[in-house]
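These notes concern the structure reproduced below.
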Amino acid sequence: MPDYKAPVRDIQFVVNEVLESEKVYQSLPGYEEATEDLMNAIIDEGARFAENVLAPLNRIGDEEGCQWNAECVTTPAGYKEAYRQYVDNGWPALSADPQHGGQGMPMLMGIIVSELAGTADWAWVMYPGLSHGAVDTVAAHGDVEQKAKYLTKLVSGEWTGTMCLTESQCGSDLGLLRTKAEPQADGSYAITGTKIFISAGEHDMAENIVHIVLARLPDAPAGTKGISLFIVPRCNVNDDGSVGERNAVNCASIEKKMGIHGNATCVLNFDGARGFLIGEPNRGLNAMFTFMNTARIGTAVQGLAHAELSFQGALTYAKDRLAMRSLTGPKNPDGPADPIIVHPDVRRMLLTQKAFAEGSRAFLYFLAQQGDIVAKGSEEDAKVADDLMALLTPIGKAFVTEVGFESANLGVQVYGGHGFIREWGMEQIVRDARIAMLYEGTTGIQALDLVGRKVLGTGGKLLMGFTATIDAFCAEHDAAEYAEFVKPLQTHTQEWLELSMKLGEQAMANPDNAGAGAVDYLMYSGYVTLAYFWARMAVLAQQKIAAAEGDVSFYEAKVMTARFYYERLLPRTESLKVTMLAGADNLMDMREELFQL
């Protein structure tokens, strides 16, 4: 497994220079303590914890995995101790509301810590990571008693949380859900059913696990309009907040998976388990979206984490591995061959990884900052930020995980045959990264959400809000020295609007056309979105170089990586233009009986 070195300089560049976070947070009531000095200190401490405590566990977690027995699930060696240290250091409470024991820092800081910890060991970070969504859901939809009983322990990390949606007959189509909730005389509900693929659903790291469960009331209408949301703790909670007897929730098995072996992915049986309704009856899916949106941003961070870790491993290897000579003459004349980093194709792979990792970091940190504006900004600013999040969350989740997986594969390719064997740890990154494109809604589901609800469903309003932001940036930097980035960005932004209209026209003629072009449309949207953030970083870097401020070599690398992105990755949009408008006939005309083995 590659040695993880937290990219502190790049994180601070995005937070302090690109996003001007101190300036933003000084204008948001409740976030005034988020000064540059404090944020830098948090980043430094998070980096040390990730490098020194979590990174050594990554390979152990993959090799050992979790162990199931009828009583409990045992996590890999070192996991429980690392979690205790994480809790003792106050990391779970970093971005939580002080009213419930949180430290009240912006969501952005929580996302940064998730990136640092997740790049070090993604399987481990899923245990505390899912608790954030449970906290948000209870805080937003729970009653006074539920908040008092569950939030403080969830915020502190004493307890962890899960989301329990999926059943064997229903994944993304939750309208097929069968789990039942029977009202009881004391106001609770008896929850009966089986949930599968429940990450961190059972483990030995925390005293209690609070499951957020979707189920149907006896008189519920069919489909998604008949789903309610419930709190179902692993152990019942006494009136004084202490943990009581075990609830009727049992882990029937843990999945044998392709990757993230250190995280227990559980089959959970609810056998009349005691649960409590959150929010209104039959409105559970609406409440669950509080959890889902948090989880989707968190999953996007997984794509960033695996791109970063694979890049780090590939870069180290490319500098050390000797093979062949440079096409322009020996670069290591005293050695038997040149390091492979001199070869153009290896540079192509490394720069692809670097461009995706650093571009995704700027994108996702921006998205997290918008969440902070939604939480604390003025009504007008919060509405703008909320619209941006609505549009960009499906793009972030799907695009960043897709290119993160591509980057993980490129890491194996840089190693050649050595990348395919377990000794180096590069193949683990690929296995761990693969799930990110599946859970919290597959790429196809995110694409349908983007096209159907966010773009066509709003008449293009959300998209035009974001393109107006891009247009304003381009107008502000309409100078010759920035033209190589600003001009193509202007062209692609206009084209994005035009393609959206064309796809909308095709969808009106045949709804299948929208589905046929949705993923290609989303990927196109992702490349243009990343182009915007690369333009912002490149322009800022050019300004720093011109002013002779800071580490010139750092800024030069930014400009060169931006140039690579614009000249070698952004042109992928050309083929996506063609395929997104190719229509559904070439997919749907083939009769089902012609699909045969």
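One table, with the values for the structure above:
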{"item": "Per-peptide average of other Cβ atoms within 10 Å, ordering 234-246, 576-588 highest first", "result": "576-588, 234-246"}
{"item": "Dipole of the chain, positive direction: furthest Cα of Thr529, Pro2, Leu229, with charges on the beta-carbon", "result": "Pro2"}
{"item": "Charge dipole magnitude, Cβ of K and R +1, D and E -1 - the chain, Cα centre, debye nearest 20", "result": "1040 debye"}
{"item": "Protection proxy ranking of 332-340, 479-487, 554-562 - average other beta-carbon atoms within 10 Å, highest first", "result": "554-562, 479-487, 332-340"}
{"item": "Rounded tilt (10° steps) of 461-476 against the dominant C-alpha axis of the chain", "result": "30 degrees"}
{"item": "Given Lys383/Lys577; Lys195/Lys454; Lys225/Lys502; Lys80/Lys195; Lys80/Lys256; Lys461/Lys558, the pairs whose alpha carbons are separated by over 23 Å", "result": "Lys383/Lys577; Lys195/Lys454; Lys225/Lys502; Lys80/Lys195; Lys461/Lys558"}
{"item": "Sequence of Glu255, Glu380 once ranked by neighbouring C-beta atoms within 10 Å, starting from the fewest", "result": "Glu380, Glu255"}
{"item": "Environment charge at Ala190 (Cβ cut-off 13 Å; Lys +1, Arg +1, Asp -1, Glu -1)", "result": "0"}
{"item": "Contour minus Cα-Cα distance for Leu176 and Asp204 (0.36 nm per residue)", "result": "6.9 nm"}
{"item": "For Gly226, net neighbour charge (Lys/Arg +1, Asp/Glu -1) across residues whose Cβ lies under 13 Å away", "result": "+3"}
{"item": "Cα shape, the stretch 388-511, gyration tensor, a/c 1.5 rule", "result": "oblate"}
{"item": "Gyration tensor (alpha-carbon) shape descriptor, the stretch 1-112, a/c threshold 1.5", "result": "oblate"}
{"item": "Cα long-axis angle, helix 483-509 against the chain (0 to 90 degrees, to the nearest 10)", "result": "50 degrees"}
{"item": "Calculated [θ] (222 nm, deg cm²/dmol) that DSSP helices of n ≥ 4 give over the chain, each run adding -39,500 (n - 2.57)", "result": "-17000 deg cm²/dmol"}
{"item": "Separation of alpha-carbon centers, the stretch 313-355 and the stretch 23-77, rounded to whole Å", "result": "33 Å"}
{"item": "Proxy reagent accessibility, fewest Cβ within 10 Å first, across Ile341, Ile421", "result": "Ile421, Ile341"}
{"item": "For peptides 267-280, 70-83, sequence by mean Cβ density within 10 Å, most packed first", "result": "267-280, 70-83"}
{"item": "At R0 = 22 Å, FRET efficiency that the Cβ-Cβ distance of Ile421 and Arg568 yields, to 0.05", "result": "0.15"}
{"item": "Added length on full extension, which subtracts the Cα-Cα distance from 0.36 nm per residue, Ala252 to Asp551", "result": "102.1 nm"}
{"item": "Nearest-ten-degree value, helix 107-120 long axis tilted from longest Cα axis of the chain", "result": "80 degrees"}
{"item": "FRET efficiency for Leu587 and Lys225, using Cβ-Cβ distance with R0 set to 22 Å, rounded to 0.05", "result": "0.15"}
{"item": "Antiparallel DSSP beta bridges within the chain, percent to nearest 5", "result": "80 percent"}
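Every number here is computed from the coordinates shown, using simple stated rules; none is lab data. Keep in mind that this is a model prediction, so the values were computed, not measured. Note that each Cβ is placed from the backbone with ideal geometry, even for glycine, and that neighbours are counted across all protein chains shown.
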